[in-house]
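This report refers to the structure that appears directly beneath it.
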Amino acid sequence: MASLSFVFSIIFLQLLFASLPSHHTLTFAADGSWQLLQKSIGISAMHMQLLRNDRVVMFDRTDFGPSNLSLPNGKCRNDPTDTALQVDCTAHSVEYDVFANKFRALMVQTDVWCSSGAVMPDGNLFQTGGFNDGERRVRVFSPCRTCDWNEIPNGLTAKRWYASNHILPDGRQIIVGGRGQFNYEFIPKNIVANKINLPFLSETNDKGIENNLYPFIFLNVDGNLFIFANNRAILFDYVNNIVVKKYPMIPGGEPRSYPSTGSAVLLPLKNLKAAAIEAEVLVCGGAPKGSYLQSLKGTFLAALDTCARIKITDPNPEWVMETMPLARVMGDMILLPNGNVLLINGARSGTAGWEQGRDPVLSPVLYQPDNDINSRFEVQNPTTIPRMYHSTATLLRDGRVLVGGSNPHAFYNFTGVLFPSELSLEAFSPAYLDAKFDNLRPTIIAPKSMSGIRYRKKYTIQVVINGDKVDENSMSVTMFVPAFNTHSFSMNQRLLVLGNDKVTAVGNSTYNMEATTPRSGNVAPSGFYLLFVVHQGIPSKGIWVRLY
């Protein structure tokens, strides 16, 4: 019997591995868990931003027709320019209270479809552009219990649709690109000529397809901007309007920006006391050349299964290619408090656009950037809900990842389609939230949430760890900037690893950690951050701090 069991085991393993892609090795950790939070919030979460009061603002577009959520108190939006419904008494934005698991309707006045944004240093969300009457709007949302959207007509100099935003060290936002816009501008405006040409955007524009929308933008540690569009990137001095460096094209030359729609992150910034801090960017997935036009004909090409990683601070940087376990287009890349990256949402074939994606990828993948290059990916437990075009994700203070959206239709469509409009919210809990790690998990006692911290200062963070296997050398402080997430890109996302200068045991499972804050706004622009303590890869719940 033992011999027979062994034979069956061998056959089972052969069948299993025969079913896997043969060109790379998969690590199946089968970790993480999913929770359905809301069956419907009434809208499809096309855009998402976590605010400092642990509430997430979400919105889709006003020209979908009526949503499934009424505006309160008989409110109606009266917009004679709307292409679907001029008088609309339904909401197209909500505020979700994370810890109460409740939501309330918000009212946007103009069309926010495919817009952009970032949180300003004071904690207010400044959100820009959109479609039709929304394309030059700036909208402001302040985090308070009863706040709603305020709109600034003509707040933008140019029409911005599919643009990207980033907070700068001086507290302004830069808005780069958009459909038909090969330029950038700033908010708040402080110069008369606020629209400045950027030829790189026209150079990366594939005629009739584009593939350079929602460019990936990251603030480099030298104060310049890394701007990636299509299949290549520049280092850009936005103060003097000078291209400082041209990076090599990604090997193979496949497009990664919308509508090819890969994703990208600035990997965690470490060794922040070093004279020269290294910065690396990781770009993953997307759709190969021709996918967009082929999908219009009903042919859905396989998504890209590669990531490209580059040290943007190197004098002669080169891309290093890696192979993902699962090909993915329209995926999101979310930085986790312990420095890992979560790849989530998206499809195995097709591209972004109405009805143009197929084969949903239900399993997230964990990317561990510090591992050996051959052991960085781990496939996680799958969801049951496809998250296709117009899906979103964001990290929450308790370490979960909030997931919503998915609507590959020009209107809400719930029947007779492959992928119905999705109004639900889920949370993915990475494995570090498993109860088996509770004895390693730190709890932050001090400072209190909303404390102010200054640059180049040493602070003491007090934590409790109840287990008896405390490794003081593995304790580290990290700081995270919540991002504005839409169309597979988390704008302004950033994780700083402060490490620890000293750990002192003070009794009763309590430890004092000393850590030094970043040295300048080039490394960490001022504003609100989530501060975590990580012990043996297990993060605490975050607390809000404000960096000045």
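To keep it simple, each residue is scored yes or no on (1) at pLDDT below 95; (2) over 30 Å from residue 85 (Cβ atoms); (3) assigned to a strand (DSSP E or B).
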| residue | (1), (2), (3) |
| --- | --- |
| 414 | no, no, no |
| 417 | no, no, no |
| 423 | no, no, no |
| 441 | no, yes, no |
| 445 | no, yes, yes |
| 456 | no, yes, no |
| 467 | yes, yes, no |
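Here is a yes/no grid of residues against (1) over 30 Å from residue 235 (Cα atoms); (2) at pLDDT 95 or above; (3) open to solvent by less than 10 Å² (accessible area, probe 1.4 Å):
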site: 508; (1), (2), (3): yes, no, no
site: 513; (1), (2), (3): yes, yes, yes
site: 518; (1), (2), (3): no, yes, yes
site: 524; (1), (2), (3): no, yes, yes
site: 530; (1), (2), (3): no, yes, yes
site: 533; (1), (2), (3): yes, yes, yes
site: 536; (1), (2), (3): yes, yes, no
site: 541; (1), (2), (3): yes, yes, no
Legend entry - Number of the condition not met by residue 349 [criteria: (1) assigned to a strand (DSSP E or B); (2) buried (at least 24 other Cβ atoms within 10 Å of the Cβ)]: (2)
Legend entry - Residues located in segment 43-98, provided they are among the hydrophobic types (A, V, I, L, M, F, W, C), touching a residue at least 60 places away in the same chain (Cβ under 8 Å) and either on the phi > 0 side of the Ramachandran plot or in a loop (DSSP other than H, G, I, E, B) (or both): 43, 45, 46, 51, 84, 98
Inset, instruction - Answer yes or no: is there a residue in segment 326-337 that is assigned to a strand (DSSP E or B), open to solvent by 10 Å² or more (accessible area, probe 1.4 Å) and touching an Asp or Glu at 6+ places or on another chain (Cβ under 8 Å). - result: no
Inset, instruction - Specify the residue that is nearest to the chain's Cα centre (by Cα); the eligible residues are those in segment 352-365 that are within 13 Å of residue 430 (Cα to Cα) and part of a loop (DSSP other than H, G, I, E, B). - result: 364
Inset, instruction - Check segment 372-388 and report whether any residue there is part of a loop (DSSP other than H, G, I, E, B) and aromatic (Phe, Trp, Tyr). - result: no
Inset, instruction - State whether one or more residues within segment 295-314 are within 17 Å of residue 217 (Cβ to Cβ) and either of a type in the set (S, T, N, Q) or in a loop (DSSP other than H, G, I, E, B) (or both). - result: yes
Inset, instruction - For segment 418-425, indicate whether the set of residues that are farther than 27 Å from residue 58 by Cα and among the charged types (D, E, K, R) is non-empty. - result: no
Inset, instruction - Check whether at least one residue in segment 186-195 is closer than 30 Å to residue 254 by Cβ and assigned to a strand (DSSP E or B), and report yes or no. - result: no
Inset, instruction - With the checklist (1) of a type in the set (Lys, Arg); (2) within 23 Å of residue 285 (Cβ to Cβ); (3) within 17 Å of the chain's Cα centre (by Cα) in hand, flag the one item residue 397 doesn't pass. - result: (2)
Inset, instruction - Kindly list the number of the only condition in (1) more than 16 Å from residue 197 (Cα to Cα); (2) not in a loop (DSSP other than H, G, I, E, B) that fails for residue 260. - result: (2)
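Here's the yes/no breakdown for (1) touching a strand residue (DSSP E or B) at 6+ places or on another chain (Cβ under 9 Å); (2) open to solvent by 20 Å² or more (accessible area, probe 1.4 Å); (3) within 17 Å of residue 312 (Cβ to Cβ):
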{"site": "208", "(1), (2), (3)": "no, yes, no"}
{"site": "217", "(1), (2), (3)": "yes, no, yes"}
{"site": "229", "(1), (2), (3)": "yes, no, yes"}
{"site": "251", "(1), (2), (3)": "yes, yes, yes"}
{"site": "259", "(1), (2), (3)": "yes, no, no"}
{"site": "266", "(1), (2), (3)": "yes, no, yes"}
{"site": "282", "(1), (2), (3)": "yes, no, yes"}
{"site": "292", "(1), (2), (3)": "yes, yes, no"}
Inset, instruction - Consider residue 413 carefully, then state whether it is farther than 28 Å from residue 532 by Cβ, surrounded by fewer than 24 Cβ atoms within 10 Å (Cβ to Cβ) and not aromatic (Phe, Trp, Tyr). - result: yes
Inset, instruction - Mind listing whichever residues of segment 294-314 are of a type outside the set (Val, Ile, Thr) and surrounded by 15 or more Cβ atoms within 10 Å (Cβ to Cβ)? - result: 294, 295, 300, 301, 302, 303, 304, 305, 307, 308, 309, 311
Inset, instruction - Could you pull out the residue among 288, 337 that is more than 24 Å from residue 245 (Cα to Cα), assigned by the TED database to the domain that holds residue 222, free of Cβ contacts under 8 Å to residues at least 40 places away in the same chain and under 23 Å from the mean Cα position of the chain (by Cα)? - result: 288
Legend entry - Number of the condition not met by residue 420 [criteria: (1) assigned by the TED database to the domain that holds residue 513; (2) crowded, with 16+ Cβ neighbours inside 10 Å]: (1)
Inset, instruction - Could you please give the count of residues in segment 164-185 that are part of a loop (DSSP other than H, G, I, E, B) and either touching a Pro at 6+ places or on another chain (Cβ under 8 Å) or outside the structural domain of residue 120 (by the TED database) (or both)? - result: 6
Legend entry - Cross-chain or 6+ apart pairs with Cβ under 7 Å, segment 305-330 first and free of Cβ contacts under 8 Å to residues at least 40 places away in the same chain and more than 17 Å from residue 253 (Cβ to Cβ), then in a strand (DSSP E or B) and open to solvent by less than 50 Å² (accessible area, probe 1.4 Å): 311/280
Inset, instruction - Of the conditions (1) in contact (Cβ under 8 Å) with a residue 12 or more places away in the chain; (2) closer than 30 Å to residue 57 by Cβ; (3) open to solvent by 10 Å² or more (accessible area, probe 1.4 Å); (4) assigned to a loop (DSSP other than H, G, I, E, B), residue 140 clears all except one; give me its number. - result: (4)
Legend entry - Residues of segment 101-126 classified as without any contact (Cβ under 8 Å) to a residue 60 or more places away in the chain and part of a strand (DSSP E or B), total: 3
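The values are calculated or read from the model by the stated rules, or taken from the named source; none is laboratory data. Bear in mind that the values here come from a model prediction, so they are computed numbers and not experimental data. Cβ coordinates were reconstructed from backbone atoms using ideal geometry, including for glycine residues, and neighbour counts include every protein chain displayed. Accessible surface is based on the protein model in full, side chains and every heavy atom, while ligands, DNA and RNA are left aside. Shrake-Rupley method; radii C 1.70, N 1.55, O 1.52, S 1.80 Å.
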